1. Answer with yes or no whether residue A:235 is in contact with a helix residue (DSSP H, G or I) (Cβ under 9 Å, 6 or more places away or on another chain), part of a helix (DSSP H, G or I), buried (at least 24 other Cβ atoms within 10 Å of the Cβ) and modelled with pLDDT under 90.
2. Looking at the structure I just gave you, is residue A:789 over 21 Å from residue A:612 (Cα atoms), modelled with pLDDT under 90 and in contact with a strand residue (DSSP E or B) (Cβ under 9 Å, 6 or more places away or on another chain)?
3. Please find, among A:291, A:248, A:299, A:277, the residue that is buried (at least 24 other Cβ atoms within 10 Å of the Cβ) and assigned by TED's automatic domain parsing to the domain that holds residue A:437.
4. Quick test of your reading of the structure: residue B:9 fulfils all but one of (1) facing another protein chain (nearest Cβ under 7 Å); (2) more than 21 Å from residue A:718 (Cα to Cα). Name the failing condition by number.
5. Can you pull out every residue in segment B:43-74 that is part of a helix (DSSP H, G or I) and more than 7 Å from every other protein chain (Cβ to nearest Cβ)?
6. I'd like the full set of residues that are assigned to a helix (DSSP H, G or I), facing chain A (nearest Cβ under 7 Å) and within 18 Å of residue A:605 (Cα to Cα), limited to segment B:20-37.
7. Does residue A:565 satisfy the condition of being at pLDDT below 85 and more than 30 Å from residue A:86 (Cβ to Cβ)?
8. Counting only residues that are in contact (Cβ under 8 Å) with a residue 40 or more places away in the chain and within 21 Å of residue B:78 (Cα to Cα), which one in segment B:10-38 is surrounded by the fewest Cβ atoms within 10 Å (Cβ to Cβ)?
């Protein structure tokens with residue numbers, strides 16, 4: 001049944017249809033104001049689901065989409081799905097609000113922007129609230145497409161197009177892998193339903209397809225979530241308008257991969273590969289992203305790499321959380337904290353990174369540049385933006401009293417905790433995990449400081465700024481202010497989120513553990529002097545030192561490989577593909593119709609002969625054949641003779657006459673084979689055709705001159721003979737085989753009874769198959785119109801009749 | 001007779017296709033006409049030859065030949081006439097406008113977009 005829940009999920013798509021109309025007919029009001037209603041209403045609507053999913057609850061509504069293929073649209077709201085739905089609509093509402101001030105209604109094509117944005121929002125909701133893998137996959141690809149459209153929003157810029165294509169290609173490669181992975185899973189478990197698959201997880205774990213499916217799905221998730229080494233698309237995606245970067249490329253779309261990993265954790269967590277791949281790539285991305293972020297000079301570049309790095313961090317926590325599933329109960333299960341931390345950090349990241357992106361957009365908007373080498377000293381000019389930047393960055397750096405501090409502590413805790421885990425071949429190598437996490441956090445701290453202090457303190461270099469800096473209008477500040485307010489609120493009252501969102505989401509990731517009792521998540525500031533606290537203190541101390549001496553460090557960077565390596569690989573890959581496909585295409589797409597005919601007919605011959613002999617259909621049955629009369633033999637010879645003349649003649653008149661002879665012979669064959677109507681028609685038509693050819697010949701003899709220069713072509717003859725032979729073989733097999741009685745008896749019996757006609761062929765044409773004949777007349781009508789207009793048409797210039 | 005008719009149909013296909021594969025516009029048009037003759041004969045042959053009287057109920061015969069292929073062929077004859085006349089005029093027109101009587105003279109280059 002189609003319910004309000006389904007409607008809510010597709011509501012953004014409906015809005016996407018309305019946007020261009022609103023833009024066109026109500027141009028005075030910024031289209032964003034209308035669009036804003038959608039995410040606000042949806043956010044409020046999804047809030048009402050909070051009680052339903054508390055504990056281990058969920059809501060399922062099924063709409064049968066393609067029942068015959070077992071593809072249903074099952075809207076499935078559980079803790080994890082609802083968390084994402086709230087993020088998508090909540091951040092979505094703020095981003096739309098922000099964009100109203102960011103995008104000028106007179107200069108920008110708002111209809112495109114909001115259509116794409118709504119398309120994305122709908123796809124993202126569908127992705128996270130679907131129980132069916134095929135539906136999930138479809139929405140997954142729609143998010144890639146809408147991301148492509150939004151990155152290339154300013155499509156006149158070369159870099160926008162490059163970034164858009166890059167993101168599309170990389171995420172599509174992953175998306176394809178994902179589809180294959182899903183099909184593999186479904187081939188083992190026999191269902192595309194996520195709940196069904198999770199129930200059958202033992203079956204999958206025992207299957208040899210377990211590992212390939214896992215690797216393919218991880219490839220999809222890693223490309224989408226910009227994990228090392230696929231992260232290179234995200235910095236280039238920053239060419240998108242800033243609201244898009246804040247929304248798609250930080251808060252929501254890039255978290256689709258995280259969603260997928262979280263969703264499928266119960267399925268794959270038994271495997272050590274899963275743990276090492278997810279945690280390993282997560283941590284690698286974390287440290288690589290934070291190191292790369294320090295080198296950036298563009299505010300959005302820093303934020304892009306920071307997003308890459310933070311996504312890695314969330315993934316590594318989810319990977320570590322897989323350890324929790326090796327226990328039967330939540331009691332004494334220290335590893336669940338990693339999952340809690342992942343979810344908490346996911347929310348926190350959306351709040352502070354969203355506000356920081358909006359801050360970067362404000363700086364760009366008000367000063368005309370995002371280059372930190374030109375910025376500086378904006379603190380007094382833009383105090384509110386400064387406040388936003390300080391709260392956002394300090395939270396990201398993991399400083400108290402903001403929410404980032406809490407999740408960073410939990411991250412350290414889970415990384416320290418995981419070293420005690422005895423499975424997965426942990427051993428001494430496990431000690432690397434907290435060390436990498438800690439090192440990466442130092443660099444995270446450094447780039448957060450760069451973000452704030454390089455932009456807002458120091459000397460104002462007004463002469464280098466394209467515009468005179470001043471504080472942004474209030475409307476533009478509103479959305480980031482709401483987000484930083486959340487940063488502070490979640491910092492002081494983190495436990496308000498726990499029962500409503502975090503624990504239900506954990507229950508979705510660890511469904512079996514959730515049955516055994518409450519996760520008992522309790523987030524608090526003061527941890528006593530634990531390892532985590534010392535790690536944080538170390539991060540702050542070392543980070544501050546590095547930040548202060550950073551200038552001296554920059555020479556060391558030149559030694560390390562940077563992202564150019566991956567970008568070059570991508571570019572070479574792209575060029576290689578282009579070159580190869582150009583070569584292949586220019587080799588076979590010659591532009592000569594003759595060559596294409598040869599392809600078509602060769603393929604036809606191969607296919608027909610293969611099915612003829614491959615299925616053993618070839619048979620000659622001479623039992624019912626009629627003997628050859630002398631008259632028929634003569635006609636056959638005439639037919640062969642006239643066609644041979646046609647084939648080789650160089651005389652135009654001979655060609656026309658032979659064609660006429662051929663046609664009349666066929667008519668005589670019709671007479672012999674008891675087909676009087678055919679013979680009549682053929683005679684009439686042949687007379688008209690010959691007349692037409694002769695007319696053409698009379699009016700325009702030169703066109704026939706080319707016949708004189710005819711050359712014999714052996715390759716053509718080979719193909720022609722092959723086709724002719726195939727036709728003969730099929731004709732022989734067909735005339736000797738009767739698989740079932742012909743339907744003609746019906747026509748013979750009913751021709752007089754039903755239609756009152758004795759000529760059965762005529763009755764079939766005008767009565768039983770009357771519509772065919774009607775359409776045939778239509779075809780003739782179109783042909784005659786074409787003939788008439790081709791003769792009468794005078795083209796402008798170039799021709800004098 | 002069915003064997004001979006099948007071979008004849010195949011032969012007409014060969015000739016028609018050979019003509020279609022040449023570059024000359026007129027030969028291509030003639031070829032398509034020959035090809036359709038071949039197809040008609042093939043259809044008629046596949047249904048079985050001379051299995052009864054012509055499908056005219058007034059003859060009061062015991063058996064009649066299959067009327068359905070005849071109806072199909074009749075339609076096909078008319079359509080192929082429409083196509084032949086159209087491409088004939090198209091060829092005529094093409095020659096008049098471009099002066100080309102061979103397909104490769106009609107090729108555009110990749111830069112002509």
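The values are calculated or read from the model by the stated rules, or taken from the named source; none is laboratory data. Being a predicted model, the structure only gives us computed values, none of them experimental. In this analysis, Cβ positions are derived from the backbone assuming ideal geometry, glycine residues included, and neighbour counts consider all displayed protein chains.
1. Working: in contact with a helix residue (DSSP H, G or I) (Cβ under 9 Å, 6 or more places away or on another chain): yes; part of a helix (DSSP H, G or I): yes; buried (at least 24 other Cβ atoms within 10 Å of the Cβ): yes; modelled with pLDDT under 90: yes.
Spelling it out, residue A:235 is indeed in contact with a helix residue (DSSP H, G or I) (Cβ under 9 Å, 6 or more places away or on another chain), part of a helix (DSSP H, G or I), buried (at least 24 other Cβ atoms within 10 Å of the Cβ) and modelled with pLDDT under 90.
2. Working: over 21 Å from residue A:612 (Cα atoms): yes; modelled with pLDDT under 90: yes; in contact with a strand residue (DSSP E or B) (Cβ under 9 Å, 6 or more places away or on another chain): no.
The answer is no for residue A:789.
3. Numbers: A:291 fails: buried (at least 24 other Cβ atoms within 10 Å of the Cβ); A:248 fails: assigned by TED's automatic domain parsing to the domain that holds residue A:437; A:277 fails: buried (at least 24 other Cβ atoms within 10 Å of the Cβ).
So the residue among A:291, A:248, A:299, A:277 that is buried (at least 24 other Cβ atoms within 10 Å of the Cβ) and assigned by TED's automatic domain parsing to the domain that holds residue A:437 is A:299.
4. (2)
5. Taking segment B:43-74 and keeping what is part of a helix (DSSP H, G or I), we get B:43-46, B:57-59, B:67-74.
Once the filter is applied, which keeps residues that are part of a helix (DSSP H, G or I) and more than 7 Å from every other protein chain (Cβ to nearest Cβ), segment B:43-74 yields B:43, B:59, B:69, B:72.
6. B:20
7. On the way: at pLDDT below 85: yes; more than 30 Å from residue A:86 (Cβ to Cβ): yes.
Criteria met by residue A:565.
8. Residues of segment B:10-38 that are in contact (Cβ under 8 Å) with a residue 40 or more places away in the chain, as a first pass: B:23-26, B:28-29, B:32-33, B:36.
Still in the running and within 21 Å of residue B:78 (Cα to Cα): B:26, B:28-29, B:32-33, B:36.
On the way: B:26: 26, B:28: 22, B:29: 24, B:32: 18, B:33: 24, B:36: 21.
Across segment B:10-38, the extreme among qualifying residues is B:32.
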